[in-house]
Amino acid sequence: MNYNSKLASIDNVNTACLAIGVYQGKRFDDALNTLNNASKGQLKRILGKNDFSGENGSSLLLYELQGIKASRVLLFGLGERKKFSIQTFAQAVGKAIAQLQGMNLQEATFSLPEHDDLYDLIRQSVITSEEAVYRFDDCKSQAEPPKKPLKRISFLAPNRRAVNTIQSASQHGLAIANGMKLAKDLANLPGNICTPTYLAKTARDLAKGKQKLSVSIVEEKEMNELGMGALLSVSRGSRQPAKLIVMHYKGSEHNNKPIAFVGKGLTFDAGGISIKPSAAMDEMKYDMCGGASVFGAIAACAELQLPINVVGVVPASENLPDGDANKPGDIVTSMSGQTIEVLNTDAEGRLILCDALTYTERFDPAAVIDIATLTGACVVALGHHATGLMANDDKLAQELLNAGDASHDRAWQLPLWDDYQKPLDSNFADMANIGDRSAGAITAGSFLSRFTKQYKWAHLDIAGTAWKSGADKGATGRPVPMLMQFLLKRSKSIK
Ligand code: BES
Ligand code: MN
Ligand code: ZN
């Protein structure tokens, strides 16, 4: 969908449908008053019939309102005025767009509530609208496309100065939404299609025709030469070869140090010999969501041509039980030289990540952020709202927390004190890959911290936020918004 701004008075805009948010209680603001006056009180008379409450999710479609140029007017509920937030508005816009989508319209125009952060209001509305029309039916034999999908959404600019803000917010919002869509599409694909090889091919395809993007793949043979014994040990139990996908986005003219994103790309996690229970095991196809978010962020950088250098590193592998798989007690040597006793083969994410993190040193990164569906314990700690954040640098941590707040894609910090290292002690190797039963998310972060001493580093545990279970099972595209907010700020593309 295309989003732009329109400078016109609300009663005089030429559009197939004018959409206006209305609060519960239907208090008339400037926009509604203008429409009411133009229609000589018709709007008030219609609303007086009380068919429409303004409740969140409710709506009323009006045809041929007199004195108004738009051929339809859609009133959509915003809920209680005192509970108004950018999120509630954006979600209401998303619902309205889903409704319009079913109506054979090509375009529609939204009027905007007064707000001091127009940029965020628009950007979030665009993201939520794209989410509202998202479907994943690549694997259905008969996908049902909407008859005539909406092509264009215009936002009514309250003044000339707002036009630029609306345009840049729309552009940023659409790029973030497209990045989220790529992340969701990859994640929603089943494990038999979305293999490490498939991810590698997707990365190569992504780089095609993009000057600033280049992709290289480290194959198992080279991993072996590099000494990536931890990553290879996970892949050994699978018939699909592991791939280490490396994406370079070079948006900055200067040789500025890159930001590195390292995303867990475990395309199916059965647990290995420490096999998982079968209930909901299908959801472990989502164990590559960290990697998918790196794809999404890199794609969004390229779409926006952000003036910054970014490296995306995605170690991709399956984790399956097999005669050649890791066994509990096996000891492997990581690329860093540190040895690891694999006490639980289901703690494989940290094994593939530690080698990818060591590999990332070669890019002399300004900061490294890894993104991983790493622990069930993180879901226990934070549920599905906040991503778990750990870091070896407080400024970087704060920067990401702020980025999460600003992009409605929040994280919450957990400590990485030395006290948490002790449970990783092993009698036989430099460390074990699991600790005791306590603080599982932090234990995993502590494990990774042993491989990230060379640079500023943050770890995002997205086990609770990357996908939804139940009736609306599906990937969320998180934390692409947080990562993009971080990059937009770092590249000074927004204030
Ligand atoms: N991919 C899982 C983590 C996970 C589990 C994410 C459930 C979302 C939902 C990871 O590889 C894993 O299995 N972690 C283990 C670690 C444990 C063995 C220390 C876990 O969380 O149970
Ligand atoms: Mn696992
Ligand atoms: Zn896993």
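The values are calculated or read from the model by the stated rules, or taken from the named source; none is laboratory data. Please read all numbers here as calculations on a predicted model, not as lab measurements. Quick reminder, even Gly has a Cβ in these numbers, built from the backbone with ideal geometry, and neighbours come from all protein chains shown. Heavy atoms of the whole protein, side chains included, go into the accessibility calculation; ligands, DNA and RNA do not. Shrake-Rupley method; radii C 1.70, N 1.55, O 1.52, S 1.80 Å.
Within the assembled protein chains, the solvent-accessible surface assigned to Leu206 is about 30 Å², based on a 1.4 Å probe.
Working from label points 7 Å from Cα in the Cα-to-Cβ sense, the Phe428 to His384 distance is 4.0 nm. Summing +1 for each Lys or Arg and -1 for each Asp or Glu among the other residues whose beta-carbon sits under 15 angstrom from that of Met180 gives +1.
A 1.4 Å probe run over the protein chains yields, for the chain, 43 Å² of accessible area per residue, whole-number rounding. The portion of the accessible surface of the chain made up by carbon and sulfur, rounded to a whole percent, is 48 (1.4 Å probe; DNA, RNA and ligands excluded). Taking +1 at the Cβ of each Lys and Arg and -1 at the Cβ of each Asp and Glu, which of Asn50, Ile153, Tyr23 sits farthest along the dipole of the chain towards its positive end, judged by Cα position relative to the Cα centre? Ranked along the dipole, the leading option is Asn50. Is the stretch 54-158 best put as rounded, prolate or oblate by its Cα gyration tensor, with a ≥ b ≥ c the root eigenvalues, rounded for a/c under 1.5, and otherwise prolate when a/b is larger than b/c, oblate when not? Note, shape of the stretch 54-158 comes out oblate. With the cut-off at 21 Å, tell me which of the pairs Lys257/Lys489; Lys26/Lys151; Lys6/Lys69; Lys151/Lys212; Lys151/Lys181; Lys257/Lys395 have Cα atoms farther apart than that. Checking Cα-Cα distances, Lys26/Lys151; Lys151/Lys212 exceed 21 Å. To the nearest ten degrees, helix 118-132 and the longest principal axis of the Cα atoms of the chain are 70 degrees apart. Annotation for the stretch 197-240 versus the stretch 84-143: alpha-carbon center distance of 36 Å.
The calculated FRET efficiency for Arg161 paired with Ala280, based on their beta-carbon distance and R0 = 56 Å, is about 0.65.
Overall shape: rounded for the stretch 1-118, with the ratio a/c of the largest to smallest alpha carbon gyration tensor axis below 1.5. The Lys453 and Lys69 beta-carbon pair, evaluated with R₀ = 60 Å, returns a calculated FRET efficiency of approximately 0.40.
Using the Cα centre as the reference, give the magnitude of the dipole from point charges on the C-beta atoms of the chain (Lys, Arg: +1; Asp, Glu: -1; all else neutral), rounded to the nearest 20 debye.
Computed about the Cα centre, the dipole is about 2160 debye.
What residues from the stretch 285-311 fall in the zone where the backbone N is under 13 Å from a label point 7 Å along the Cα-to-C-beta line of Asn256? Label zone hits: 305-311. Could you compute the net charge surrounding Ile97? Neighbours are other residues with a C-beta less than 13 Å from the C-beta of Ile97; K and R count +1, D and E count -1. Local net charge: 0.
Relative to one another, the C-alpha centroids of the stretch 318-360 and the stretch 419-488 are positioned 15 Å apart.
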